[in-house]
Structure formats: structure tokens, C-alpha cells
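Accompanying notes for the structure given below.
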């Protein structure tokens, strides 16, 4: 990672999808890598089904926890409608990882094709992934789809952290009964 530039991540989803868990894992992993880390979260209706956004910034020195407009390096949307909320933070180099999942409680305002068209107006680096479906099929648990997306980001060079740091963070921040499942999700292809 370039020590002079901060790395900015925005994670979008709805309550109950594990956004706060991903925030803890990523911030711990960056801290374990010797980086300065700042985080913040914004809860709309932070109950199950309400919009939630979390922000993680890490680098040599981070002054603010908020990702500035147009400066996200990576945007992870755990629910495809929520990906549209990431447009404010995106630029032409931003990578979007979008779970092909529609929360039943969300008002269906746009389908995947419409969402992808809007995202591609800003960046071509848009990846729709069947994370929930893959995790349900392979691990019988779609809740770890966020960890699967972290593994995808690591494997494709979208996240400037080491897998060992993520695994160490999982072991440090999660209950022991969920660690093995999340490490398996991280390893799914």
C-alpha cells in the first residue's frame, strides 16, 4: 500500500447484514498491519431492514473517519439497492462489489440492470456477485456473504491488506463459534 495515500472503504447494507462486524474486522486487520485507522458508521433505521453505512479509512496517518465525496477506493454493497447510496463516494477508479441480493423489506425502486447502469456512469469497476447464494450453497449460511466479499476483494487485489491480517482480525473480533465459518467464507472462490 502507498504509505502517503489513505485507503477508503464504504460498506452499505441494511440492519442485520453484519456491517458492524465487517467494520470491526477491517479496522482490526488494518491496525494489525501497522496502519492508522479511523471508522464511522451512519445508521438510518438501524434495526433489521433499515439502511446502514460504515466507513473505514486506513493509511500512514488518517485525520478524519468520514470518507470524502468521490474518494472511496472500495465500496461494498451487501444489498444491491443500497449500492446506489455509494454513488456520492465513487469516482472513476472506485471498485464496487455488489451482492446480488434484494432485501424483501426494501422498496424495489430499481432492478440490477438499472443499478448497474447508474454505477457504470461513474466507474467501470462494477462487480455484481451472488455472494448470499454462494454462501448459502457452500456453507448453508448466507449471513457470511460480507466476509465472502472481503475474500473476493483480497483475491482480486482490491483490498491492500494481507489475508493473514483479516484472519487474525476475525479471530480477535468474533465469537469463537463463528470464526471457522467466516474463515471458510473468506476462502470461497
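The values are calculated or read from the model by the stated rules, or taken from the named source; none is laboratory data. As the structure is a prediction and not an experimental result, all values here were calculated from the model. Here the Cβ is made from the backbone with ideal geometry for all residues, glycine too, and neighbour counts use every protein chain on show.
For segment 124-138, filtering for residues that are in contact with a helix residue (DSSP H, G or I) (Cβ under 6 Å, 6 or more places away or on another chain) and farther than 13 Å from residue 78 by Cβ leaves 2. Selection over segment 92-113 of residues that are surrounded by 14 or more Cβ atoms within 10 Å (Cβ to Cβ) and either modelled with pLDDT of 95 or more or in a loop (DSSP other than H, G, I, E, B) (or both) gives a count of 12. Listed here are the strands (runs of 3 or more DSSP E) enclosed by segment 23-91 that have at least 3 residues being modelled with pLDDT of 95 or more and under 17 Å from residue 153 (Cβ atoms): 51-59, 74-77.
If the condition is being surrounded by 17 or more Cβ atoms within 10 Å (Cβ to Cβ) and either closer than 11 Å to residue 162 by Cβ or more than 18 Å from the chain's Cα centre (by Cα) (or both), then segment 25-41 contributes 29, 30, 32, 33, 35. Of the residues making up segment 114-145, those that are in a loop (DSSP other than H, G, I, E, B) and closer than 21 Å to residue 94 by Cβ are 121, 122, 123, 124, 125. Against the condition closer than 17 Å to residue 82 by Cβ, surrounded by fewer than 19 Cβ atoms within 10 Å (Cβ to Cβ) and at pLDDT 95 or above, how does residue 123 come out, does it pass? Yes, satisfied. When segment 146-177 is limited to residues that are touching a residue at least 60 places away in the same chain (Cβ under 8 Å) and more than 25 Å from residue 93 (Cβ to Cβ), the one that is surrounded by the fewest Cβ atoms within 10 Å (Cβ to Cβ) turns out to be 172.
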